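Visitor: Here it is, the structure in full.
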Amino acid sequence: MSMNSAERGLTLSTGRIADTRSPFVRLAELIADIKPGQPAIDLGVGEPKHGVPAFVAPVMAAHVNELGRYPRNEGTPQFRRAAAEWAARRYKLARVPDPDREVLVLNGSREGLFLGAIAAKRHVANRAGRPAILIPNPFYAAYSAGAVVADCEVVYLPATRDTGFLPDLDALDGALLGRTVAMFLASPSNPQGAVADLAYLRRVTAMARRYGFLLFCDECYSEIYTRSAPPGALEAAGDEFENVLLFQSLSKRSNLPGLRIGFVMGDRRFIARFLELRSVAAPQVPIPSQEVAVAAYGDEAHVDANRDLYREKFDLADRIIGDRYGYRRPAGGFFLWLDVAALGGSEVVAAKLWREAGVRVLPGRYAARDQNDGSNPGAAYIRVAMVHDKETTSEALHRIVAVLG
């Protein structure tokens with residue numbers, strides 16, 4: 001039986017075709033016929049619910065007339081400069097990235113991560129075999145969507161407790177790396193909250209340069225942590241950023257998921273190729289939104305306050321969840337990744353929590369793909385988004401414990 005290119009891109013070596021629907025569509029189908037046993041609390045979607053920073057409305061109002069202009073696709077000079085200067089401060093870089101050649105504005109990091117795979121396929125040439133894109137498993141759905149459209153083989157790298165919830169770099173052989181176009185890496189990871197240290201980042205950067213592929217580092221959760229700030233890929237890249245791209249967003253850092261703004265920064269050769277694609281395939285980012293971002297990247301007080309709110313909620317999890325379900329306070333991000341294998345697995349437990357507790361969580365199976373051996377790195381887990389206020393979060397955690405024991 002013949003397959004189209006999208007199907008081929010999703011075929012694992014066993015020949016199985018993965019379920020490519022949104023995890024949230026699958027969750028909605030799972031619980032569609034189940035009535036919640038208590039007033040509903042949605043911990044399934046990672047949508048920040050803390051307050052919008054006070055400066056947003058005045059900045060938008062001051063620049064509302066800019067909505068009458070087409071913005072430039074690469075972003076305003078002031079946005080690109082603000083993003084570059086923020087990255088240099090945040091990651092203690094040896095130099096400020098060049099705003100004109102190493103930074104592009106994005107309609108949120110999702111757009112960039114999706115289109116990045118397509119641009120990478122065009123940019124990285126002379127692969128030794130069918131071009132491949134490497135993706136951590138579990139993963140953010142935009143990674144695989146872009147890889148499929150780029151007509152690359154999607155290779156899922158299991159990120160389990162045994163590997164520190166990051167891909168095992170020792171498992172990557174030269175034959176695979178020689179045909180790799182790009183490797184996606186999330187740090188802190190979604191959903192596990194694992195952080196790649198500088199040694200790990202330097203090693204994977206060296207791999208990218210040796211084999212000629214691009215490292216796409218998704219760091220949109222980098223500003224939510226409970227102890228120390230996670231290092232970044234540009235720190236590991238040295239004075240120049242060849243083969244390394246940082247993707248960032250204000251959605252989590254500044255509680256602005258609806259603003260849809262972020263940036264990509266790094267390898268100037270790729271940035272030039274990416275701009276060519278974005279200029280014909282992606283909408284420009286409104287200038288008032290970019291002005292809000294300039295203000296956001298110039299202010300850390302609201303980020304510190306936001307981080308404190310998450311820290312307080314993880315303190316609640318420490319007390320309420322304790323040592324149940326393999327819980328360990330994550331190094332970054334705002335998810336709990338709870339092991340419910342002994343309770344029937346992710347789908348059974350998600351349905352049970354909705355039925356008996358009115359708590360909506362995401363089955364980990366839906367955030368991952370089956371590996372070649374039939375295992376699924378997320379099947380034993382549920383993802384719990386700690387996005388509500390303390391009172392709602394406390395109530396939800398108590399309900400989880402009451403139902404699951």
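Visitor: So what is the calculated 222 nm ellipticity per residue for the chain, using -39500 (n - 2.57) for each DSSP H run with n of 4 or more, over all residues, to the nearest 500 deg cm²/dmol?
Guide: -12000 deg cm²/dmol
Visitor: Still on this model: What does the convex hull of the alpha-carbon atoms of the stretch 150-245 project to on average, in nm²?
Guide: 6.6 nm²
Visitor: Which order do the peptides 248-257, 180-189, 310-319 come out in when sorted by mean C-beta neighbours inside 10 angstrom, highest first?
Guide: 180-189, 248-257, 310-319
Visitor: Sum up the charges of everything whose Cβ sits under 13 Å from the Cβ of GLU111, counting Lys and Arg as +1 and Asp and Glu as -1, but leave GLU111 out.
Guide: Value of the local net charge: +2.
Visitor: May I pose another question? If you take the beta carbon distance between GLU312 and SER22 as r and set R0 to 41 Å, what does 1/(1 + (r/R0)^6) give as a FRET efficiency, to the nearest 0.05?
Guide: The computed FRET efficiency comes out at 0.85.
Visitor: A follow-up question, please. Run down the aspartates and glutamates and flag those whose C-alpha is under 14 Å from the C-alpha of LYS313, throwing out any fewer than 8 positions away in its chain.
Guide: Filter leaves ASP389, GLU391, GLU395.
Visitor: Pop a pseudo-label 7 angstrom from the Cα along the beta-carbon direction at both LYS92 and LYS49 and give the gap in nm to one decimal.
Guide: Label at LYS92, label at LYS49, 3.7 nm between them.
Visitor: Hey, can you rank 266-277, 354-365 by average C-beta count inside 10 Å, highest first?
Guide: So the peptides 266-277, 354-365, ranked by packing, come out 354-365, 266-277.
Visitor: Using a 1.4 Å probe, what is the accessible area per residue for the chain, in Å²?
Guide: 40 Å²
Visitor: So in the chain, what percent of DSSP beta bridges are antiparallel if you round to the nearest 5?
Guide: 45 percent
Visitor: Right, something else. Give the lysines reachable from LYS92 as a straight Cα distance under 25 Å; neighbours fewer than 8 places away on the same chain don't count.
Guide: The qualifying lysines are LYS252.
Visitor: Here is a follow-up. How far is it, in nm, from the label point at GLU391 to the one at GLU242 when both lie 7 Å from their Cα along the line to the Cβ?
Guide: 5.8 nm
Visitor: Students often get this wrong, so try it: which of (1) 1.03; (2) 1.75; (3) 0.97 is Cα Rg over 2.2 N^0.38 Å as calculated from the structure shown?
Guide: Looking at Cα Rg over 2.2 N^0.38 Å for this model, the match is (3).
Visitor: Kindly list the residues of the stretch 260-292 that lie in the label zone of ALA301, defined by a backbone N under 19 Å from the point 7 Å along the Cα-to-C-beta vector.
Guide: 292
Visitor: Which order do the peptides 77-86, 202-211 come out in when sorted by mean C-beta neighbours inside 10 angstrom, highest first?
Guide: 77-86, 202-211
Visitor: Taking 45 Å as R0, compute the FRET efficiency from the Cβ-Cβ separation of ASP100 and ASP42 and round it to 0.05.
Guide: 0.60
Visitor: Also, I was wondering about something else. Give me the percent of Cα-Cα pairs in the stretch 261-405 that sit more than 18 Å apart, rounded to a whole number.
Guide: Considering the stretch 261-405, 67 percent of its Cα-Cα pairs are separated by more than 18 Å.
Visitor: For the pair ARG227 and ARG355, what calculated FRET efficiency results from E = 1/(1 + (r/R0)^6), where r is the Cβ-Cβ distance and R0 = 35 Å, to the nearest 0.05?
Guide: E(calc), rounded to 0.05, equals 0.45.
Visitor: Once you place label points 7 Å from the Cα toward the Cβ at ASP197 and ARG72, how far apart are they in nm?
Guide: Rounded to a tenth, the inter-label distance reads 4.2 nm.
Visitor: Let me ask another. Please give the length that would be gained between ARG273 and HIS398 if that part of the chain were fully extended, namely 0.36 nm times their separation in residues minus their C-alpha to C-alpha distance (nm, one decimal).
Guide: Extra length available between ARG273 and HIS398 comes to 40.0 nm.
Visitor: Give the residues of the stretch 251-276 whose amide nitrogen is closer than 18 Å to a point set 7 Å from the Cα of ALA125 in the direction of its Cβ.
Guide: 268-276
The values are calculated or read from the model by the stated rules, or taken from the named source; none is laboratory data. Computed from a predicted structure; not experimentally measured. Every residue, glycine among them, receives a Cβ derived from its backbone with ideal geometry; neighbour counts consider all protein chains shown. We work out accessible area using only protein heavy atoms, side chains counted, and drop any ligands, DNA or RNA first. Shrake-Rupley method; radii C 1.70, N 1.55, O 1.52, S 1.80 Å.
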